[in-house]
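Accompanying notes for the structure given below.
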Amino acid sequence: MHIGILTGGGDCPGLNAVIRMVTLALIHQCGARVTGIERGFLGLLTRSVRPLDEHAVQGILAQGGTILGTHNKCDPFHYFGAGGADCSAQAMAYARELGLDGLVAIGGDGTMFIANRFGEIGLPVVGVPKTIDNDLAHTERTFGFDSAVAVVTESLDRLETTARSHGRVMIVETMGRYAGWIALEAGIAGGAHVILLPEVPFSVDAVAAVCREREARVGDGGGYTLICVAEGAHAAGEGMTVRATLADSPDPVRLGGVCHTLQAVLQPRLASEVRTTQLGHTQRGGTPTPFDRVLATEFGYHAAELVRSGRFGRMVAWQDGRVTSVPIADVAGRNRTVPLDHTLLAAARALGTSLGI
C-alpha cells in the first residue's frame, strides 16, 4: 500500500502531530509506504513530494506549522498558476505515476471540498479536520482550535492588567472568519466584559453603554472594559469588515480590522481611551497545546484506521465526546457557526457578559 499525506489551507498547531501519527500507524500496522506531498495540492502539480518514514517524523510532535508546507490558494480544479484552468487531470496523472493507493488530506472546509472532488474522479481520500476556527460541519472540535484559544486567552489576561491600570477600553480582535468560536471561548476564558460574534449582530449603542457603565465604577471592579471581538463580527444592518479581496483564492474575501472600526465609533462616545489589538497570525503559530497534541494524534490514528479498512471518502470527526467519521461530501465547503441557543452564549449572559445587544 502506498499512501500520500498533504496539509492544505492555513497552518495551525497540531498538523505535525497528525502527520506523525498517520505515518507511524500506516507503517507499523499496514507495512505501508508513505509519501508526503508538499505545499498541499500544489505538490501534485509541481511534483514536489518526499518520503515519510520513522526518521522523517521523529521529534515533530511539539512543532507548530507543518513539515510538509501548505498552500491556501491552490485548487487544481481552478489552478491560479494556469489562469484558473482545470489542472486536475495533471494532478491525477502524477498521483497514478507515484502509484498512490489513497490520500490523507488534512485541512479545513476548502481542503475537504477539493479532496471530495478528487475522490469523485478516482483518487481514494480520507480527510482529517483542521482549523483554528473550529467551523467545520459535522465535527464539534478541530485540532488547532484549543491552541488558538489559549493564545487569545493569554492575550486577554495581559491586556486586562494594562486596561485596569489605565482605565482604558481594550478591544482584542480574533480570527474565526464567519464563525465566532474563538472569540466566544477565549472571551469567556479571558474574562471579557463584551464578546462580539458574527452570529449576533451588535449595537454600537449597547456596547458604548456597557463601557460608560464600567467607567463610572472606578474602585468598584470597573473603570475599564475588555472587549473580545471576532473578525467577522459586525453591527446590525452593516456588513463585515473586509480587509482585502483576492481573485486567485478559493476564499476571495479576507476579513479583518473590525477592531479599528469599532474603536472609531466608540471613542467619541466615551471618556476612556480606546485601544485595539489585532492578534492576527499569532493565533496560528507556536506549539500545540497538550489537548491539541492528543486530539491530533487521535484523529491521525482514526484516519489510518479508515485507510487500513478501505473506508475512503470519509472525514474523521469528533461527535458526542468520541472520534467517529462522516462522509467528506457532507463537510465539503460547509461552515459550522455558533448556534444562537448554544449553552456558552447562555453562560456568558449569566456571567453578565454583554453580547452587544
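Working only within the range 336-350, note down all residues that are surrounded by 14 or more Cβ atoms within 10 Å (Cβ to Cβ) and outside any loop (DSSP other than H, G, I, E, B). Before you say what the answer is, go through the steps one by one.
Start the filter on the range 336-350 by keeping residues that are surrounded by 14 or more Cβ atoms within 10 Å (Cβ to Cβ), which leaves 336-338, 342, 344-345, 348.
Hits for the range 336-350 are 344, 345, 348.
Has the range 107-130 got any residue that is at pLDDT below 95 and part of a loop (DSSP other than H, G, I, E, B)?
Yes, the conditions are met somewhere in the range 107-130.
Out of the residues in the range 164-176 that are buried (at least 24 other Cβ atoms within 10 Å of the Cβ) and over 20 Å from residue 264 (Cβ atoms), which is nearest to the chain's Cα centre (by Cα)?
Applying the first criterion (buried (at least 24 other Cβ atoms within 10 Å of the Cβ)) to the range 164-176 yields 169-176.
Narrowing further to those that are over 20 Å from residue 264 (Cβ atoms): 175-176.
Numbers: 175: 8, 176: 7 Å.
Here the residue is 176.
Exactly one of (1) in a loop (DSSP other than H, G, I, E, B); (2) at pLDDT below 95; (3) crowded, with 21+ Cβ neighbours inside 10 Å; (4) not basic (Lys, Arg) is unmet by residue 72. Its number?
Failed condition: (3).
Say whether the condition of being within 28 Å of residue 142 (Cβ to Cβ), assigned to a helix (DSSP H, G or I) and over 17 Å from the mean Cα position of the chain (by Cα) is met by at least one residue in the range 262-282. Quick ask: steps written out before the conclusion?
Let us first name the residues in the range 262-282 that are within 28 Å of residue 142 (Cβ to Cβ), namely 262, 276-282.
Filter once more, keeping what is assigned to a helix (DSSP H, G or I): 262, 280-282.
Imposing the further condition that a residue be over 17 Å from the mean Cα position of the chain (by Cα) reduces the set to 262.
Within the range 262-282, one or more residues are within 28 Å of residue 142 (Cβ to Cβ), assigned to a helix (DSSP H, G or I) and over 17 Å from the mean Cα position of the chain (by Cα).
Would you mind telling me which numbered condition in (1) buried (at least 16 other Cβ atoms within 10 Å of the Cβ); (2) small (Gly, Ala, Ser); (3) under 25 Å from the mean Cα position of the chain (by Cα) residue 244 fails?
Status for residue 244: all satisfied but (1).
Among the residues of the range 103-123, write down those that are over 18 Å from residue 307 (Cβ atoms) and either surrounded by 23 or more Cβ atoms within 10 Å (Cβ to Cβ) or under 13 Å from the mean Cα position of the chain (by Cα) (or both). Spell out how you get there, then give the answer.
Kept after step one, since they are over 18 Å from residue 307 (Cβ atoms), are these residues of the range 103-123: 108-110, 113-114, 117, 120-121.
Result: 108, 109, 110, 114.
So, in the range 22-37, of the ones that are of a type in the set (A, V, I, L, M) and crowded, with 23+ Cβ neighbours inside 10 Å, which residue ends up farthest from residue 82 (Cα to Cα)? Explain how you work it out, then say what you get.
From the range 22-37, those of a type in the set (A, V, I, L, M) are 22, 24-27, 32, 34, 37; that's our starting set.
Then keep just the ones that are crowded, with 23+ Cβ neighbours inside 10 Å; that gives 22, 26, 34, 37.
Details: 22: 32, 26: 35, 34: 29, 37: 20 Å.
The extreme case among them is 26.
Take the range 186-212 and flag every residue that is of a type in the set (Gly, Ala, Ser) and in a helix (DSSP H, G or I). Walk me through it before giving the result.
Here is the first cut: in the range 186-212, the ones of a type in the set (Gly, Ala, Ser) are 186-187, 189-192, 203, 206, 208-209.
Within the range 186-212, 186, 187, 189, 206, 208, 209 qualify.
Please go through the range 67-102 and give me each residue that is within 21 Å of residue 126 (Cα to Cα) and acidic (Asp, Glu), ordered by number.
Of everything in the range 67-102, those that are within 21 Å of residue 126 (Cα to Cα) and acidic (Asp, Glu) turn out to be 75, 97, 101.
Kindly indicate which of 150, 183 is crowded, with 22+ Cβ neighbours inside 10 Å, out of contact with any Pro (no Cβ under 6 Å at 6 or more places or on another chain) and not in a strand (DSSP E or B).
Values: 150 fails: crowded, with 22+ Cβ neighbours inside 10 Å.
Answer to the selection: 183.
Filtering the range 283-299 down to residues that are among the charged types (D, E, K, R) and over 13 Å from the mean Cα position of the chain (by Cα), which residue is nearest to residue 146 (Cα to Cα)?
Our first condition is that a residue be among the charged types (D, E, K, R); within the range 283-299, this holds for 284, 292-293, 298.
Filter again for over 13 Å from the mean Cα position of the chain (by Cα), leaving 293, 298.
On the way: 293: 10, 298: 15 Å.
Applying the filter and picking the extreme gives 293.
Determine which member of the set 276, 353, 297 is surrounded by 14 or more Cβ atoms within 10 Å (Cβ to Cβ), in the same structural domain as residue 173 (by TED's automatic domain parsing), touching a residue at least 24 places away in the same chain (Cβ under 8 Å) and among the β-branched types (Val, Ile, Thr).
Working: 353 fails: in the same structural domain as residue 173 (by TED's automatic domain parsing); 297 fails: in the same structural domain as residue 173 (by TED's automatic domain parsing).
Within the list 276, 353, 297, the selection yields 276.
State all residues of the range 119-141 that are touching a strand residue (DSSP E or B) at 6+ places or on another chain (Cβ under 7 Å) and free of Cβ contacts under 8 Å to residues at least 60 places away in the same chain; if no residue qualifies, say none.
To start, the set of residues in the range 119-141 that are touching a strand residue (DSSP E or B) at 6+ places or on another chain (Cβ under 7 Å) comprises 119, 123-130, 135-141.
Across the range 119-141, the qualifying residue is only 123.
Is it fair to say residue 13 is of a type outside the set (Ser, Thr, Tyr) and in a strand (DSSP E or B)? Steps first, please.
Details: of a type outside the set (Ser, Thr, Tyr): yes; in a strand (DSSP E or B): no.
No: the conditions fail for residue 13.
Taking the range 306-331 as the search range and keeping residues that are among the aliphatic types (A, V, I, L, M) and touching a Lys or Arg at 6+ places or on another chain (Cβ under 8 Å), which one is surrounded by the most Cβ atoms within 10 Å (Cβ to Cβ)? Spell out how you get there, then give the answer.
Going residue by residue through the range 306-331, those that are among the aliphatic types (A, V, I, L, M) are 306-307, 315-317, 323, 326, 328-329, 331.
Now drop any that are not touching a Lys or Arg at 6+ places or on another chain (Cβ under 8 Å), which leaves 306, 326, 328.
On the way: 306: 21, 326: 18, 328: 25.
Among them, the one singled out is 328.
Across the range 38-60, which residue is surrounded by the most Cβ atoms within 10 Å (Cβ to Cβ) among those that are touching a residue at least 40 places away in the same chain (Cβ under 8 Å) and more than 23 Å from residue 290 (Cα to Cα)?
Among those that are touching a residue at least 40 places away in the same chain (Cβ under 8 Å) and more than 23 Å from residue 290 (Cα to Cα), it is 44.
Could you please give the count of residues in the range 36-69 that are of a type in the set (Val, Ile, Thr) and part of a helix (DSSP H, G or I)? Walk me through how you get there before you give the answer.
To start, the set of residues in the range 36-69 that are of a type in the set (Val, Ile, Thr) comprises 37, 46, 49, 57, 60, 66-67.
Cutting the leftovers down to part of a helix (DSSP H, G or I) gives us 46.
Number of matching residues: 1.
Do you know which residues across the range 77-91 are free of Cβ contacts under 8 Å to residues at least 40 places away in the same chain and either crowded, with 17+ Cβ neighbours inside 10 Å or in contact with a Lys or Arg (Cβ under 6 Å, 6 or more places away or on another chain) (or both)?
Residues satisfying the conditions are 79, 88.
The values are calculated or read from the model by the stated rules, or taken from the named source; none is laboratory data. If you're wondering where the values come from, they're calculated on a predicted model, not measured in any experiment. Because the Cβ atoms are built from the backbone with ideal geometry, glycine has one as well, and the counts that use them run over all protein chains shown.
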